[in-house]
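In what follows, a single structure is set out as structure tokens and then discussed.
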Amino acid sequence: MRALRSILFWVLAWLFFVPVVIFMILAVTFLGQRKVEFMLRPVARGVLFLTGARLRIVRAPGYDPTRTCFYASNHVNLFDPFVLYPAIPVMFRGLGLASHFRIPFYG
């Protein structure tokens, strides 16, 4: 039963993910990233919910989200941004390896 539930969640997540990501790419391309930033967190939460993943956020004592912070993440797979957006309470950007931008379509 768990396997069927997992498969159902992943199918629903992909049915949600693909059109939303295409829309977001077009929106960022034509409107700019700052104008669509407010949509990224709800989209990320939707993908997490539909995959059945549960996110538990534990912040260090003394953490102040109003101060400038440096977040380090080991970006392992496609799922990572969907965890980072709900977990980090402020607008953030990532760094990428320069050679990755030479890859067709991705770059």
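FYI, it's all coordinate maths here, none of it is from the lab. It should be emphasised that the depicted structure is a prediction, and the values quoted were computed from it without experimental measurement. All Cβ positions, glycine included, derive from the backbone under ideal geometry; neighbour counts span all protein chains shown.
Listed from fewest to most Cβ neighbours within 10 Å, the set TYR63, TYR85 follows the order TYR63, TYR85.
Pick out which of VAL18, VAL36, VAL76 has the largest mean-square fluctuation in a Gaussian network model of the chain, springs linking Cα atoms closer than 10 Å. Maximum among the listed residues: VAL76.
Residue by residue, the range 11-16 carries 3J(HN,Hα) couplings of 4, 4, 4, 5, 5, 7 Hz when phi is fed to the Karplus relation 6.51 cos²θ - 1.76 cosθ + 1.60 (θ = phi - 60°); x denotes Gly or Pro. Computed on the chain, the Cα convex hull volume stands at 137 Å³ per residue. The listed peptides 41-47, 23-29, 92-98, ordered by packing as a protection proxy, come out as 41-47, 23-29, 92-98 (highest mean of other Cβ atoms within 10 Å first). Fewest-first ordering of HIS75, HIS100 by other beta carbons within 10 Å of each residue's beta carbon gives HIS100, HIS75.
Rounded to the nearest 20, the Cβ-based charge dipole of the chain about its Cα centre (Lys and Arg +1, Asp and Glu -1) stands at 180 debye. Under the shape rule built on the C-alpha gyration tensor, where the axes satisfy a ≥ b ≥ c, the range 55-107 is prolate, since a/c reaches at least 1.5 and a/b is greater than b/c. Multiplying the residue separation of VAL58 and SER6 by 0.36 nm and removing their Cα-Cα distance gives an extension gain of 16.2 nm. Rounded to whole numbers, the Karplus 3J(HN,Hα) couplings from phi for the range 67-73 are 8, 5, 10, 10, 9, 10, 9 Hz, using 6.51 cos²θ - 1.76 cosθ + 1.60 with θ = phi - 60°, and x at Gly and Pro.
Farthest toward the positive end of the dipole of the chain, out of PRO89, PHE38, PRO19, is the Cα of PRO89, where the dipole comes from beta carbon charges about the Cα centre. Listed from fewest to most Cβ neighbours within 10 Å, the set PHE17, PHE101 follows the order PHE101, PHE17. 3J(HN,Hα) along the range 33-46: 5, 5, 6, 10, 3, 5, 8, 5, 5, x, 5, 4, 5, x Hz, from the Karplus curve 6.51 cos²θ - 1.76 cosθ + 1.60 with θ = phi - 60°, whole Hz, x for Gly and Pro.
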